[in-house]
Structures are given as C-alpha cells and as structure tokens.
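Encoded as structure tokens, the structure appears first; notes follow it.
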Amino acid sequence: MKTLYKLLILLPFLAGCTKEIDLQIDFESQIFILGAIGNEPDNVTIEIQETVPVQETTVKPIRNATISLYTKTPKGDKSLVTNSFKESKGVYTSTEIISPTIGNYYWVEIKIPNNNTTFKSQEEQMKPVVPISSINKNGTSLAINFEDPRNDTNLYFVELSYFQGDNFLHSTFELSNDTLFNGNKNAFIQVQGISGNKVKATLSNLNYRSFLFYSNLYQQEFENSDDGSGDPGRLFSTPPVNLTGNITNMSTKRPALGNFAVVSLSTYEFSF
C-alpha cells in the first residue's frame, strides 16, 4: 500500500520560492496490542488494533481475535486462567473476574485468524505489592512515601489523579527505578505540580520490559502533546508507532507493537 505525503521545501537563498514534492512512502499495517493484569481481582482488558498511516485519524479495531490468558507457578506448573473474552470495538474484556496470585507468572497468547498470526507476551511475574505509607505536601510538590524492598530491582509507575471535591480534574504520572533508594525504609518519589484539594495516588511495581515500554510510550506522548503535559488520557486516541514491548509475533519471531503488563499496585488518598 502506498501513502502519499506532500513536502514543502523553502529554499533559503530564493526568498518566496517553494517547490512541492510528492513522496511515495511504503506503509505496512501492523497489529498493536495493549493490556495489563493487576494484583487486585478485576476483569482483564486488552485492546487490539491495526495501525494506520499517520494522516488517518480513525482507528481500525481487530474484532475476531482469540485470546488465552495463562499462568505459571514459581515451580513451573502451567495452567489456563481463561480464554473467554467479549469484544467491543477492538477492546476485549474477560467475561469473569480474574484474581491473580502474587509470585505467579502471567502472559497472553493472541491468535488473529485473518492472517493466521499468533502473538505471545513475555511471561512476567506478579511482583509483591509495595504499599504507599503516606503522602507529604511540600509547596507545589508531593512526596509519595513507601518502603522499598531489599534484594530486588524495583521499577515504579506512579499515577496521581487530582480532584476538587468529588470532581475529577486530571491525572499526571511519574516513572522511577530504585537505584538511589534500594532497600530504603523511607523511600519516596517526588512529583511536581498539584491541583485541586485531593489526590488519589497509585504506585505500581512493574517488570523490566513493561517499564521500558511505558517509559517510551509516555515520552512519545509528552513530546507530541500540544502543551507538553503528556496527559495519559490522550495516549489511546490512535495507536502509537514503533513502540515494542514484551510481545512477540510467533510467526516471524520478531518483536510486535504493544505490551501486556503484569503489575502489582497500591493506592492511597490524600487531602490538602
């Protein structure tokens, strides 16, 4: 499939002169997969879309995929958790509540019948929950306090949802590793900028590949957003491009676009 782009070139030594050049650029659509499973009992949701050229604004949901969620104990005993999902506009939701087990590994296998392709996410372990112990306000910043576990490299994703009373305002985020505070009982992550009079904080403990994926995803959104805010709510308007995570195309043995994260999280509400 060919996609037509038009490039306007301004020649600096010929003021006012322009030349229009048609560029024929090959575009090959790909499958984009995004989902996660958390430690709290809940439905598992996975979004599957087909990428489109950059000048198109509509998404192309994949509607006929088959999804299987698996688990494996630390001893290596493997079992099927569920393969029953309902689909709406490319968003697949498990028909039952899933209750994960800390320490177990989880992954999904996704089959796309149209092109006879199978995708598999990496087997990620459900890490221990790291509880938020408190939140401190210092001027226009907040410190999310917790005890960082010893003898493990922990990778954190913090999401802060701000409210004015019961009215939701917006969300911000922060990604951090524990290089500077590994094993510290008084560890904290500082987040700049506050709004409203109440915040709900979520601290997620991620695996390495998922941490890299979200780092690249939010960096791309931050750079492409109009105001540089990196608002997470804008992320899923269209599938991001060139963002590989922990998913492999089993037919080609190559990394695929997207990610299926296994996360353990804790929440804490704070009024100021």
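The values are calculated or read from the model by the stated rules, or taken from the named source; none is laboratory data. Note that the structure is predicted; figures quoted are calculated from it, not measured. With ideal geometry, Cβ positions are generated from the backbone for all residues, glycine too; neighbour counts draw on all protein chains shown.
Consider the stretch 139-156 and keep the residues that are modelled with pLDDT of 95 or more and in contact with a helix residue (DSSP H, G or I) (Cβ under 9 Å, 6 or more places away or on another chain). The one that is farthest from residue 197 (Cα to Cα) is 155. Within the stretch 147-155, does at least one residue satisfy the condition of being out of contact with any Leu (no Cβ under 6 Å at 6 or more places or on another chain), more than 30 Å from residue 71 (Cα to Cα), free of Cβ contacts under 8 Å to residues at least 60 places away in the same chain and not assigned by TED's automatic domain parsing to the domain that holds residue 256? Checked the stretch 147-155: no residue is out of contact with any Leu (no Cβ under 6 Å at 6 or more places or on another chain), more than 30 Å from residue 71 (Cα to Cα), free of Cβ contacts under 8 Å to residues at least 60 places away in the same chain and not assigned by TED's automatic domain parsing to the domain that holds residue 256. Taking the criterion of being more than 16 Å from residue 148 (Cβ to Cβ), of a type outside the set (A, V, I, L, M, F, W, C) and buried (at least 16 other Cβ atoms within 10 Å of the Cβ), the residues of the stretch 112-137 that qualify are 117, 120, 121, 122, 123, 124.
Right, residue 173: outside the structural domain of residue 64 (by TED's automatic domain parsing), under 21 Å from the mean Cα position of the chain (by Cα), in a strand (DSSP E or B) and not polar (S, T, N, Q) or not? Answer is yes for this residue. Name the one entry in 161, 195 that is at pLDDT below 95, more than 24 Å from residue 81 (Cβ to Cβ) and in contact with a strand residue (DSSP E or B) (Cβ under 9 Å, 6 or more places away or on another chain). On inspection, the qualifying residue turns out to be 195. What are the residues in the stretch 236-265 that are modelled with pLDDT under 95, more than 13 Å from the chain's Cα centre (by Cα), assigned to a strand (DSSP E or B) and farther than 19 Å from residue 91 by Cβ, if any? Those that are modelled with pLDDT under 95, more than 13 Å from the chain's Cα centre (by Cα), assigned to a strand (DSSP E or B) and farther than 19 Å from residue 91 by Cβ: 254, 255. Going by the structure shown, is residue 47 among the charged types (D, E, K, R), at pLDDT 95 or above and closer than 20 Å to residue 247 by Cα? Judged against the criteria, residue 47 is a match.
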